[in-house]
Every structure is written in C-alpha cells, then in structure tokens.
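Peer 1: Quick one: structure below, then a few questions.
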Amino acid sequence: MLDLTTTIGNYTFANPLMNASGVNCFDKDELDAMVASASGSMVTKSATVKPRPGNPEPRYADLTLGSINSMGLPNLGIDYYLDYVATYQAAHPADAIFMSIVGTTFDDNIAVAHRIQDSDFAGLTEINLSCPNVPGEPQTAYDPAQTVKILDALFSFFTKPLGVKLPPFFDLAQFDQMAAILNRYPLAFINTMNSIGNGLMIDAETDTALIKPKGGFGGIGGAYAKPIALANVRAFRQRLNSNIRIIGTGGVHTGRDVYELILCGADMVQVGTALHQEGPQIFARLLTELQAEMTRKGYTNLPEFRGALKTL
Ligand code: RRO
C-alpha cells in the first residue's frame with residue numbers, strides 16, 4: 001500500500017491533490033463536486049469583500065496546450081464562502097480545506113482577511129497576491145514594497161495559518177528577493193504559481209484575440225505553464241525556510257506531472273486547466289497515475305522523493 005499523505009502545518013491530507021483556486025470552486029454545486037471527488041483537499045474561489053460579476057465574456061478559452069483566462073475575479077463574496085465552509089466544517093470536522101481571499105486595493109486585502117480572522121473558519125487561508133486580470137491593477141507580488149506592506153499589515157492581526165499565492169517569477173534575482181521577503185514571516189505555505197499573466201492568443205481564421213477583456217490579454221495555464229511551475233517550486237524550495245510548505249501549481253495533466261512537482265519540492269499539488277477541461281473525476285485518474293509512477297520508481301511515500309530532483 002502506498003502512503004500519499006502530506007502535511008501543511010498541523011494539517012494532514014489523505015493525498016496531495018486539490019483544485020487550483022478559480023477552477024471548480026465558484027459556488028456550492030462546484031464545491032460539493034470537489035468534496036465528492038478523490039482530491040485530498042480543496043480551495044474556494046478567491047473572494048472579495050463584496051460579490052463581483054467579473055469581466056465581460058468571452059473571458060476563458062481552451063488552447064491546444066492549455067488555457068487563457070481573464071475572468072476578472074468573479075466571485076460570490078466572502079460571506080458566501082464563509083457560509084459554505086462553516087457548513088462543510090460541521091459535516092467534515094477532520095478534513096481541512098483552504099479559503100482564497102483577495103483585494104483589489106490594500107484596504108480590501110486587509111478587510112477580507114479580517115473577515116476570516118473573525119470567523120470560525122479553522123482551515124488554511126491563501127491570500128492571492130497574483131491576480132493578473134483586474135483591469136488597471138498590477139499583480140501585487142511583482143511589487144516587493146507592496147508585498148511587504150500587505151504582509152506586515154496581515155501578520156499584525158492574522159493568527160490563523162496563512163499562505164500566499166504567487167505569480168511566476170523568471171529571474172534568479174527575483175527568486176532571491178521574494179524568498180528573502182517571505183522568510184521574514186510565519187507563513188504556513190506559499191502557492192506557486194498563478195497563471196502566467198498577460199499572454200495573448202489569436203484566432204487564426206478571424207485574426208481576433210480569443211478573449212474580450214483587456215484587449216485579449218489573459219493568464220496562461222496548462223501545459224504551457226509546466227516548466228515554469230517546476231522551476232518556481234524548485235527555486236523557492238531551495239530558498240525558503242523549511243517550515244514554509246509549498247503548493248505546486250501549473251501544468252498538471254498526468255500523474256507524472258504531479259510526481260515532478262513533488263520532485264521539485266511540492267508538499268501539495270493543485271490542478272487548474274486540466275480540472276476545468278476534464279472535471280473532478282480527474283483526481284481519481286491522477287492518483288492512479290501517481291501511484292503507478294511511484295511504484296515504477298520504488299517509492300512508497302511522498303517524503304522519499306520530495307525535493308529529490310537530480311541535476312547534471
Ligand atoms: O479571476 C481571475 O481572472 C483570475 C484570478 Br483572481 C487569478 O488569480 N488567476 C487567474 O488566472 N484568473
């Protein structure tokens with residue numbers, strides 16, 4: 001029997017798989033489908049203080065090797081998700097889940113975090129510092145000073161387990177700089193990475209951008225993202241304090257993809273584009289494939305190969 005359990009802080013999960021925020025987690029029906037799936041946990045859609053309709057459609061497109069989206073943070077508001085997780089916790093007291101929160105301003109980030117702090121939510125909170133799709137708003141974590149300002153403010157009052165969702169970084173100096181900042185805080189985890197912001201895809205017949213918002217610019221996910229996600233997980237694992245866990249997200253379509261993110265140092269693994277395309281039954285397939293890969297390599301649990309990437 002293989003042991004797929006994994007931990008973040010004091011929480012243990014039956015397996016490392018979960019959805020990426022934004023996929024299959026908008027409302028009760030989608031979240032209930034996650035509960036019914038083989039995933040080890042789940043996260044709710046990034047929630048703002050008030051509900052938001054998001055950007056005009058079309059705002060998502062499937063691509064040959066992934067997806068492009070500019071959803072624009074459509075969500076039902078923090079109260080909706082707090083209600084959902086309260087009901088969930090009452091029914092599943094032993095099973096931890098994640099709530100994702102986000103603000104489009106500094107004050108809103110703090111306000112929405114206060115709502116979680118003041119609630120009975122007993123799971124893990126992920127603050128999204130990397131939404132690429134709100135017109136006029138930069139991705140917070142690309143601004144080190146703003147990141148410090150938000151984390152300073154959050155940790156002045158937030159006492160529940162907290163992690164940050166990061167955008168992809170591309171330069172080793174950026175990894176050094178961001179890891180040095182993150183290591184200053186009692187973070188339970190980081191989640192790397194969000195979609196690759198502000199890509200552009202064009203319809204070959206009509207020469208038109210595939211999605212409507214922001215002149216066609218949107219976040220790229222799926223197979224396009226995998227090598228960048230592997231590098232981000234690896235680079236942060238090499239730089240972060242060992243007690244900061246890593247959720248690896250980007251380009252997971254097979255059990256081998258899950259295995260490789262763990263090989264780079266991931267403690268949990270999220271599925272975005274492929275979950276959107278295949279539905280929550282993907283988790284059972286990924287678990288079967290992950291177990292087959294572990295058996296092929298002679299491993300019986302995740303710590304045996306976590307971070308064990310070989311280099312030449
Ligand atoms: O809602 C979105 O447009 C969105 C968000 Br908040 C995010 O963090 N990442 C993404 O690809 N889309």
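Peer 1: Calculate the dipole size of segment 212-259 relative to its Cα centre from +1 charges on Lys and Arg beta carbons and -1 charges on Asp and Glu beta carbons; express the result in debye to the nearest 20.
Peer 2: Approximately 100 debye in magnitude.
Peer 1: Could you give the size of the charge dipole of segment 68-208 about its Cα centre, using +1 on the Cβ of each K and R and -1 on the Cβ of each D and E, expressed in debye and rounded to the nearest 20?
Peer 2: 480
Peer 1: Give me the Kirkwood hydrodynamic radius of segment 62-123 in Å, from all C-alpha pairs, to one decimal place?
Peer 2: Evaluated over segment 62-123, this radius sits at 13.6 Å.
Peer 1: Which aspartates and glutamates have a Cα less than 15 Å from the Cα of LYS149, not counting those fewer than 8 places away in the same chain?
Peer 2: Partners within reach: ASP107, ASP108.
Peer 1: Of the GluC sites (Glu not before Pro) in segment 174-281, which ones lie in a loop per DSSP and count no more than 12 other C-beta atoms within 10 Å?
Peer 2: GLU205
Peer 1: Dividing the Cα radius of gyration by the Kirkwood radius, what Rg/Rh value follows for segment 9-117?
Peer 2: In segment 9-117, Rg relative to Rh is 0.98.
Peer 1: Follow-up question, since we're still on this one. In the full protein assembly as shown, how much of TYR142 is accessible to a 1.4 Å probe, in Å² to the nearest 10?
Peer 2: Counting only protein heavy atoms, TYR142 exposes about 90 Å² to solvent.
Peer 1: While we're on this one: Given a 1.4 angstrom probe, what's the average accessible area per residue across segment 32-128, in square angstrom?
Peer 2: So segment 32-128 comes to 40 Å² accessible per residue, rounded to a whole number.
Peer 1: To continue, here is another question. Given contacts defined as C-alpha pairs under 8 Å and at least six residues apart, what's the relative contact order of segment 1-143, whole-number percent?
Peer 2: 20
Peer 1: Let me ask something else about it. Please work out the ratio of the alpha-carbon Rg of segment 139-272 to 2.2 N^0.38 Å and round it to two decimals.
Peer 2: 1.14
Peer 1: Let me know the whole percent of all Cα-Cα pairs from segment 61-184 that are separated by more than 22 Å.
Peer 2: Within segment 61-184, distances greater than 22 Å cover 43 percent of Cα pairs.
Peer 1: In terms of Cα to Cα distance under 17 Å, which lysines are near enough to LYS310, apart from those fewer than 8 places away along the same chain?
Peer 2: LYS297
Peer 1: Let me ask something additional. Sorted by accessible area with a 1.4 angstrom probe, largest first, how do LEU65, LEU263, LEU275 fall?
Peer 2: Most to least solvent-accessible, the answer reads LEU65, LEU263, LEU275.
Peer 1: Can you list the equivalent-ellipsoid semi-axes of the chain, largest first and in whole Å, using the square root of 5 times each Cα gyration tensor eigenvalue?
Peer 2: 26, 24, 21
Peer 1: Still on this structure, please answer the following. Under the definition of Cα pairs under 8 Å and six or more residues apart, what whole-number percent is the relative contact order of the chain?
Peer 2: 20
Peer 1: Assign unit charges at the C-beta atoms only (+1 for Lys and Arg, -1 for Asp and Glu), then state the dipole size of the chain relative to its Cα centre in Debye, rounded to the nearest 20.
Peer 2: That gives a dipole near 740 debye.
Peer 1: Placing one identical point scatterer on every Cα of segment 204-290 and ignoring solvent, what is log10 I(q)/I(0) from the Debye formula at q = 0.11, 0.12, 0.25 Å⁻¹?
Peer 2: -0.38, -0.44, -1.15
Peer 1: Another question, then. Order ASP29, ASP267 by their accessible area, 1.4 angstrom probe, all chains in place, largest first.
Peer 2: Ranked from most to least accessible, the order is ASP29, ASP267.
Peer 1: In whole percent, and with a 1.4 Å probe on the protein chains, what portion of the accessible area of segment 19-127 is carbon and sulfur?
Peer 2: Roughly 53 percent, rounded to a whole number.
Peer 1: Here's something else I'd like to know. Quick one: if the Förster radius is 41 Å, what FRET efficiency do ASN241 and LYS297 give, using the C-beta to C-beta distance and rounding to 0.05?
Peer 2: 0.90
Peer 1: Express as a percent, rounded to the nearest 5, the fraction of DSSP beta bridges in the chain (both residues included) that run antiparallel.
Peer 2: Here the antiparallel bridges make up roughly 40 percent for the chain.
Peer 1: A further question follows. Once amide H atoms are built 1.01 Å from N in the peptide plane, which residues 5 or more positions from GLU126, or in another chain, come under 5 Å H to H?
Peer 2: Amide H neighbours of GLU126: MET99, SER100, ILE101, GLY163.
Peer 1: OK, next. So, counting K/R as plus one and D/E as minus one, what does the shell of residues with Cβ under 13 Å around GLY265 add up to?
Peer 2: +3
Peer 1: Further, regarding this structure: Kindly sort SER70, SER242 by accessible area of their heavy atoms, largest first, with the probe set to 1.4 Å.
Peer 2: SER242, SER70
Peer 1: Once amide H atoms are placed 1.01 Å from N in the peptide plane, what residues at a sequence separation of 5 or more from SER46, or on another chain, have their amide H within under 5 Å of its amide H?
Peer 2: When sequence neighbours closer than 5 places are left aside, the close amide H contacts are GLY22.
Peer 1: Per-residue HN-Hα couplings for segment 272-278, Karplus 6.51 cos²θ - 1.76 cosθ + 1.60 at θ = phi - 60°, whole Hz, x for Gly and Pro?
Peer 2: Taking θ as phi minus 60°, the curve returns x, 3, 5, 5, 4, 7, 10 Hz for segment 272-278.
The values are calculated or read from the model by the stated rules, or taken from the named source; none is laboratory data. Note that this is a predicted model, so its numbers are computed, not measured. Glycine gets a Cβ as well: all are built from the backbone with ideal geometry, and neighbour counts include every protein chain shown. Surface areas here come from the heavy atoms of the whole protein model, side chains and all, with no ligands, DNA or RNA. Shrake-Rupley method; radii C 1.70, N 1.55, O 1.52, S 1.80 Å.
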